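> Pasting a structure below so you can have a look.
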Amino acid sequence: MRRWLLVTAWALLGFASAPALADPPADHAYPLDGIAREIDKRGPLHCPEVKLVDYRGEVVRWQVPGKIFEGMREHLVTFERIATEVGNEIYGRAPTRIVQLGTFNCRRMRAEPGWLSEHALGNAVDVAGFDFGPLPKGATLPAGLDRAFGNGFEVRVGRHWGKHAGHAAVHARFLETLIVRLIEREDDKRDAFRVLLGPGYPGHQDHFHLDMAPFHMVQIIADGEPIERRARGRAASGDKDLQL
């Protein structure tokens, strides 16, 4: 099993971790792995040329299209399938839209100006949340879910992550279950994503950053502990139901 980089203490103290500390993937080479990310901290920025495509979502539509590296498509499709699976479990239907905040953007990493952002390669997406439509005709809500969930609603990382009361707690369960499933993909020998950042990592309180950088890193905090620890503990116990 590949080892994910976890620098929780740095995240909690407000420091960013340098990608140079991470272990490179041991297998499953990715087309952009050979591109150097280390760059001059100052001066003009020239981003590598990669094949970008317009992406609007295939399993779940995006509220606005984005430009991505063509090799990222299959990972986004996997993400959408997992979001559909978790949506059906928690709410009785899939999300109708994914709300994204950014894809391709030729820039440096904000916390590490000596490194090229994965956004500069179209190799990352920032996800703020999901929109759900009304419960489809003939479908039923999962047992115990308030009837109000039969209406349409929004799920947002910034508003619902880590909540424990009312409807917000259900949305928190959807978001956390989704992230845990993405982490579990490591054990399936093919990553959904190599890097997952979110609440608890500086500048990511309102969204998940998902990318395929040439290293592994998870920095998302749930109830004061790394989400990866919770995911690994769940896998070790064989518990398939996430408890909040």
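The values are calculated or read from the model by the stated rules, or taken from the named source; none is laboratory data. Treat the numbers as computed from the prediction; the structure is a model and nothing was measured. Here Cβ is always computed from backbone atoms with ideal geometry, including for glycine, and neighbour counts include all displayed protein chains.
> Could you give every pair whose Cβ atoms fall below 6 Å, whose first residue belongs to region 55-73 and is among the acidic types (D, E), and whose second residue is surrounded by fewer than 20 Cβ atoms within 10 Å (Cβ to Cβ) and in a helix (DSSP H, G or I), counting only separations of at least 6 or pairs across chains?
Correct list of pairs: E58/V77.
> Any idea which of (1) part of a helix (DSSP H, G or I); (2) crowded, with 18+ Cβ neighbours inside 10 Å is the one R81 doesn't satisfy?
If we test R81 against (1) part of a helix (DSSP H, G or I); (2) crowded, with 18+ Cβ neighbours inside 10 Å, just (2) comes out false.
> Specify the residue that is surrounded by the most Cβ atoms within 10 Å (Cβ to Cβ); the eligible residues are those in region 148-163 that are over 19 Å from Q63 (Cα atoms) and among the aromatic types (F, W, Y).
My answer is W161.
> Check F215, F208 and return the single one that is of a type in the set (F, W, Y) and touching a Gly at 6+ places or on another chain (Cβ under 7 Å). If you could, list the steps in order and put the result at the bottom.
On the way: F215 fails: touching a Gly at 6+ places or on another chain (Cβ under 7 Å).
Of F215, F208, the one residue that is of a type in the set (F, W, Y) and touching a Gly at 6+ places or on another chain (Cβ under 7 Å) is F208.
> Looking at A83, A94, A111 in this structure, which one is hydrophobic (A, V, I, L, M, F, W, C) and farther than 21 Å from I183 by Cα? So that I can check it myself, show each step before the final result.
Details: A83 fails: farther than 21 Å from I183 by Cα; A94 fails: farther than 21 Å from I183 by Cα.
Sole residue among the options that is hydrophobic (A, V, I, L, M, F, W, C) and farther than 21 Å from I183 by Cα: A111.
> Only residues that are under 19 Å from E74 (Cβ atoms), part of a helix (DSSP H, G or I) and not charged (D, E, K, R): list them for region 107-126, please.
Correct list: H119, L121.
> Among the residues of region 117-147, write down those that are among the acidic types (D, E) and surrounded by fewer than 13 Cβ atoms within 10 Å (Cβ to Cβ). Don't jump to the end; show me each part of the working.
Residues of region 117-147 that are among the acidic types (D, E), as a first pass: 118, 126, 131, 146.
Result: D146, single match.
> What is the number of the single condition among (1) assigned to a loop (DSSP other than H, G, I, E, B); (2) modelled with pLDDT of 95 or more that R42 does not meet?
The single condition R42 does not satisfy is (2).
> Which number in (1) under 23 Å from I68 (Cβ atoms); (2) in contact with a helix residue (DSSP H, G or I) (Cβ under 6 Å, 6 or more places away or on another chain); (3) part of a helix (DSSP H, G or I); (4) not basic (K, R) marks the one condition that L182 misses?
The one condition L182 does not meet is (2).
> Right, something else. Only one residue in A139, A128 is small (G, A, S) and at pLDDT 95 or above, so which one is that? It would help to see each step written out before you state the result.
Numbers: A139 fails: at pLDDT 95 or above.
One residue alone meets the criteria, A128.
> Another one. Tally up the residues in region 45-78 that are surrounded by fewer than 17 Cβ atoms within 10 Å (Cβ to Cβ), in a strand (DSSP E or B) and not aliphatic (A, V, I, L, M), please.
Residues flagged as surrounded by fewer than 17 Cβ atoms within 10 Å (Cβ to Cβ), in a strand (DSSP E or B) and not aliphatic (A, V, I, L, M) within region 45-78 amount to 3.
> So, one more: Filter region 49-87 down to residues that are closer than 16 Å to F208 by Cα and either modelled with pLDDT under 95 or over 17 Å from the mean Cα position of the chain (by Cα) (or both), then give me how many there are.
0
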